[in-house]
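This report refers to the structure that appears directly beneath it.
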């Protein structure tokens, strides 16, 4: 287990053990504004719709009531009166359609949609989505979807109940399958100032972002409102805002060093130790205790001897006692010698990695060591378990 665990720790050391500069930034660690923040109000919107996929090869919903009712409602639009009980959805399926409407999308533009079965359909391969409205959170229609599905999965079943599935055959996509019908208004044109929201809130990064913008575009152009938002004065002329934002997004900013954190994934055993993790003097004793319990059954038969001819005519078995079964438990305790290692004052990440690797700790052991150090107040970092 030591060899399986060591690469995880070594990977953390490789990327994160480089010493930080005095101001917390590394040389060449600058990022563009567009990579650090987004403009408030300029965002995508989720759309959803309910529809029917037809043309399936016998892999549809069958007699699902909701699908039959949807089919009846669909054909009634064309002047046909059909009893829902007379329909069969063997070649049709009820589906939910989801899409993401990007910012500044204009009517007539195409967006991709994802189609997912919600009934008993075994596969959507070969199906076609009938025209469906896609609505937003305000229940207004923003796009119309229709088209042939591209399904990456495959599902085959036999009459005896056996079934083979490859990937997920009940979900498909329609590239460019929806047409935008309505534009979502944004404050880009009307707002007197642009609010830049950092992807990761940080006071130091917000302050550096404001200073970098002032340095490139003029003093007083930007100032930080809090750890997330930086207010940037925008040109009043709408025609100049696109060029202004294009220049603004290319400004490079040195991000502040992130907080010292130790991330533990309790399900996979993955442990990531971030830069800046420090410990105060502490001694850690690491050992293992193994307890083995072995159960044996002992059977005894009182007065069960060998028959001697003459003593018991007819070779009948002599009268004996009652059979007794007793349990014999053997408990063995095997405790490995405890291994102790010492953390000196101000020890850095590389020292932590070396000390833990030298004692052969497993991911579970490391979690226990980190939790104990945190409780003792020796670990100066946020311990986050996900």
Touching a helix residue (DSSP H, G or I) at 6+ places or on another chain (Cβ under 6 Å), modelled with pLDDT under 85, farther than 29 Å from residue 138 by Cα and assigned to a loop (DSSP other than H, G, I, E, B): does that describe residue 256? yes
Looking at the structure I just gave you, is residue 51 in a strand (DSSP E or B), under 24 Å from residue 250 (Cα atoms) and at pLDDT 50 or above? no
Looking at region 134-164 only, could you name the residues that are closer than 18 Å to residue 93 by Cα, under 29 Å from the mean Cα position of the chain (by Cα), modelled with pLDDT under 95 and assigned to a strand (DSSP E or B)? 150, 154, 155
Within region 185-205, restricting attention to residues that are within 29 Å of the chain's Cα centre (by Cα) and in a loop (DSSP other than H, G, I, E, B), which residue is nearest to residue 116 (Cα to Cα)? 199
For residues that are in a helix (DSSP H, G or I) and surrounded by 15 or more Cβ atoms within 10 Å (Cβ to Cβ), tally how many sit in region 234-251. 5
Do we find that residue 101 is crowded, with 24+ Cβ neighbours inside 10 Å and over 16 Å from residue 168 (Cα atoms) in this structure? no
Answer with yes or no whether residue 78 is surrounded by fewer than 17 Cβ atoms within 10 Å (Cβ to Cβ) and more than 30 Å from residue 183 (Cβ to Cβ). yes
Check on residue 231, in a helix (DSSP H, G or I), at pLDDT 85 or above, over 19 Å from residue 381 (Cα atoms) and over 29 Å from the mean Cα position of the chain (by Cα): no
Being modelled with pLDDT of 90 or more and farther than 30 Å from residue 203 by Cα narrows it down to one residue among 64, 75, 33, 115; which is it? 115
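The values are calculated or read from the model by the stated rules, or taken from the named source; none is laboratory data. Please read these numbers as outputs of a predicted model, since none were measured by experiment. We place every Cβ from the backbone using ideal geometry, glycine too, and count neighbours over all the protein chains shown.
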